[in-house]
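Undergrad: Structure incoming, see below.
The values are calculated or read from the model by the stated rules, or taken from the named source; none is laboratory data. Given the structure is predicted, the values throughout are model-derived calculations rather than measurements. As a convention, Cβ positions derive from the backbone with ideal geometry for all residues, glycine included, and neighbour counts pool all protein chains shown. Only protein heavy atoms, including side chains, enter the accessible area calculation; ligands, DNA and RNA are left aside. Shrake-Rupley method; radii C 1.70, N 1.55, O 1.52, S 1.80 Å.
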Amino acid sequence: MQVELLDCTPDPEELVCRAARGDYSSDWVGSDVPFAEVMEPVEGDTIDEKKQTLMDHLMRSGHWGPFEHPSATFAVRGVSRSCMAQITRHRHASFDVMSLRYVELSGEEPLEERFTYPETFESDEVVSREGVEEIELSAEERGELADEVYQKCIDAYTDLVEAGVPKEDARMLLPIGTKVNMTFSMNARALMHLLNMRMKGDAQWEVRHLSERVLEEAKEWMPYTFERYEEKHPQPLSP
């Protein structure tokens, strides 16, 4: 799995602060007003301290509206369609997903690059939402079983496509573990909601790993916001 911050609102925390100052003041906060002037009434010796003071106030008071203005776009590579289905349930986001109607999968690629192998296929003991369980099949047997099923699926898919069956119909034989790529965009508040839901201990392992990588990218984009979010996670996002 790979996650990359593809594009984003520049100076996102300044944007949050300008929007918030517009809530608390009758003064114009447009771009023709220097940011230092917009922030002049806020406590702090430096502009960074003033930004932190204001954003801390917003988070403590549950005033999340200003965080809906900055948005970011993430590129994701190699997640299962199971993980994709969970992420796309977040409605305050825009998604583009690799379409198996148009993309023809190759049977030449190694199975590990085309399909997802959960860690439970190798672990002797697993912890899931059902509790702690021991797995009776050996790791070797589980791996062989997964390889066999995945290979049969990609072989059957390839045979149908080569026989002239449309890709959009042949894909019905592909398992939910088939890897896809996707791109999604969210505002900062919606992103925190996603992380609240998908970084929980009982979240499915793959979507949890995806969320952890997204958080690392988000901290590069909005350092103070998401570092403080991480300290307080899960963060209540409504009053």
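Undergrad: Obtain the nm distance between the two label points defined at E144 and H57 by a simple spin-label model: each point lies 7 Å from its Cα along the Cα-to-C-beta direction.
TA: About 6.8 nm, to one decimal.
Undergrad: At 1.4 Å probe size, with no ligands or nucleic acids counted, give the accessible surface of D202 in Å², nearest ten.
TA: Using a 1.4 Å probe on the heavy atoms, I get roughly 80 Å².
Undergrad: Moving to a separate point now. Which loop-located chymotrypsin sites (Phe, Trp or Tyr not before Pro) does the stretch 72-114 contain, where loop means any DSSP state but H, G, I, E or B and the Cβ has at most 16 other Cβ atoms within 10 Å?
TA: In loop regions of the stretch 72-114 (DSSP not H, G, I, E or B), the sparsely surrounded chymotrypsin sites (Phe, Trp or Tyr not before Pro) are Y102.
Undergrad: Next question, about the same structure. Order C153, C8 by their accessible area, 1.4 angstrom probe, all chains in place, largest first.
TA: My answer, sorted largest first, is C8, C153.
Undergrad: Additional query: What label, among (i) 8; (ii) 25; (iii) 33, belongs to percent of Cα pairs over 34 Å apart computed from the structure on display?
TA: Answer by label: (iii).
Undergrad: I've got another one for you. At a probe radius of 1.4 Å, what is the per-residue accessible area of K200, in Å² to the nearest 10?
TA: It works out to around 80 Å².
Undergrad: Rank T9, A36, V97 by how far each Cα sits towards the positive end of the charge dipole of the stretch 1-114 (+1 on Lys, Arg Cβ; -1 on Asp, Glu Cβ) and give me just the farthest.
TA: Most positive-ward Cα: V97.
Undergrad: Solvent-accessible area of D11, probe 1.4 Å, all protein chains present, reported in Å² to the nearest ten, please.
TA: Roughly 100 Å² of D11 is accessible to a 1.4 Å probe.
Undergrad: Can I ask one more? Among A139, A218, A72, determine the one that fluctuates most according to a GNM of the chain built with springs between C-alpha atoms less than 10 Å apart.
TA: A139
Undergrad: Report in % the part of the accessible area of the chain that belongs to carbon and sulfur, leaving out ligands and nucleic acids; probe 1.4 Å.
TA: Looking at the chain in its full context, I get 47 percent from C and S.
Undergrad: On to the next question. Just to confirm the filter: which GluC sites (Glu not before Pro) across the stretch 5-80 are DSSP coil and have at most 16 other Cβ within 10 angstrom of their Cβ?
TA: Sparse-neighbourhood loop GluC sites (Glu not before Pro): E43.
Undergrad: Considering only V180, A139, Y24, whose Cα is most displaced toward the positive end of the charge dipole of the chain, charges sitting on Cβ of Lys, Arg (+1) and Asp, Glu (-1)?
TA: It is Y24, whose Cα lies furthest towards the positive end.
Undergrad: Keeping to pairs on different chains or 8 or more places apart, tell me how many lysine pairs in the chain have Cα atoms under 25 Å apart.
TA: Taking the Cα cut-off of 25 Å, the pair count is 11.
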